[in-house]
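Before we start, here is the structure in question, set down as structure tokens.
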Amino acid sequence: MVKLSDIAKFLGVSITTVSYSLNNDPRIPAATKQRVIDAANQLGYTGKSGKSANKDYLKQIVLCLNTLKGDVYSDIIAAMKATLNLNNCELMVYVGSEITRIKWMDGLFVLNSRVKNEDIEQIASRRIPAVLMDREVDIDGTMCVTLDNFKGCNAVTQRAIEQGARSFVFIGGPKESYESQYRYNGFCKALSDNGLMRRDILTLQTDFTYVGGLNACRFVLERESAPDAIVCANDETAMGIVAGLKAGNVTKDVIVTGFDGLVDPSHMQYRFITAKADHKYWATTSSYSMLQMFEHGVQHDMKIPVQVIDNIA
């Protein structure tokens, strides 16, 4: 049986071009459409030319990221591809924030805080479904599938308080990061609930990286004394903090917290707490949400739960 990929190989074009041509997509030049239709007939493709059945249409879904660095993103991409490929969809990863410049797109995943809400609104106004994985905003034609950032950071901070922490430093991500802000809000709520919220709590912003955490830790250690707990917005930053504490020969029993569950707390020298997220489940749920939007329109927003794990007996 002749497949779309066979036609694409025969013509030296992408599978997406073949799919769009056979579905009479207006974005494909007429000459290209005719070449594809002629080739399909020549090769004996049994699918319909013109507006074919949904099963013959290969949808192209864009995942918009700010970076490809980190195990989190590789897990998300792999899980999305596994789900979408089984449902006649192709995943394209776009690293950048100018989503309105993307020419070919049937659906959009946003996991990049640098993408502007107004640009998402513009995409959604073209009736392109969008699943927002990094923010909780109300934009027509979109749904939000996010980690429970607030509750996760609130829980790890509460756990640190239960272990005796009374002085804190918060190491967040970039200023524009929605996830970092939600996690900071969870941190503040835990302190407020326990009468520990003070104006002099040091808050620093990094780029969610190991190096960012390491540099932040050097600044923290310039203070008169180390805090009881250093609450970090993600695990990579927390790893930099731990390295900085070791380099500074800090012997105080500091608690370090992270978010993501990328490291095993049992292997840590310092007391360590993190909110573990199942990123593959998150990606799969986001993918199924997109498929449901194609069939039934916008669905209800979802939050992916996280689990607190630590090395504290």
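The values are calculated or read from the model by the stated rules, or taken from the named source; none is laboratory data. Worth saying up front: this structure is predicted, and the values here are computed from it rather than measured. Glycine gets a Cβ as well: all are built from the backbone with ideal geometry, and neighbour counts include every protein chain shown. Accessible surface areas use protein heavy atoms only, side chains included; no ligands, DNA or RNA. Shrake-Rupley method; radii C 1.70, N 1.55, O 1.52, S 1.80 Å.
How large is the dipole of region 88-227 about the Cα centre if only Lys and Arg carry +1 and Asp and Glu carry -1, each at its Cβ, rounded to the nearest 20 debye?
Here the size comes out at about 340 debye.
What percent of all Cα-Cα pairs in the chain falls in each 20 Å bin, counting up from 0?
Per 20 Å bin, starting at zero, the Cα-Cα P(r) for the chain comes out as 31, 45, 20, 5 percent.
My understanding is that a pair violates if its Cα-Cα distance is over 22 Å; which of Lys69/Lys280; Lys33/Lys59; Lys81/Lys280; Lys151/Lys252 do that in this structure?
As for pairs spanning more than 22 Å Cα to Cα, those are Lys151/Lys252.
Ranked from highest to lowest mean number of other Cβ atoms within 10 Å per residue, what is the order of the peptides 121-134, 75-88, 189-202? Mind dumping the intermediate values first?
On the way: 121-134: 18.9, 75-88: 17.3, 189-202: 13.0.
The packing order, highest mean first, is 121-134, 75-88, 189-202.
Rounded, prolate or oblate for region 1-132? Axes are the square roots of the Cα gyration tensor eigenvalues, ordered a ≥ b ≥ c, and the cut-off for rounded is a/c under 1.5.
Prolate.
Would you give the gap between the C-alpha center of region 64-139 and the C-alpha center of region 142-179, rounded to a whole Å?
Comparing the Cα centres of region 64-139 and region 142-179, I get a distance of 24 Å.
A further question follows. Return the distance in nm (one decimal) between the two label points of a simple spin-label model at Ser266 and Lys9, each offset 7 Å from Cα along Cα→Cβ.
My value for the distance between the label points is 4.7 nm.
In the chain, with Lys and Arg counted as +1 and Asp and Glu as -1 at Cβ, which of these residues, Gln34, Phe219, Ser5, has the Cα nearest the positive end of the dipole, that is, farthest along it?
After comparing all options, I get Gln34.
Further question: Just to confirm, what accessible area per residue do you get for the chain at 1.4 Å probe, in whole Å²?
48 Å²
Accessible area of the chain with a 1.4 Å probe: how many percent of it is carbon plus sulfur?
Roughly 48 percent of what the probe reaches on the chain is carbon or sulfur.
Quick one: putting +1 on the C-beta of Lys and Arg, -1 on the C-beta of Asp and Glu, what dipole do you get for the chain around its Cα centre, in Debye to the nearest 20?
620 debye
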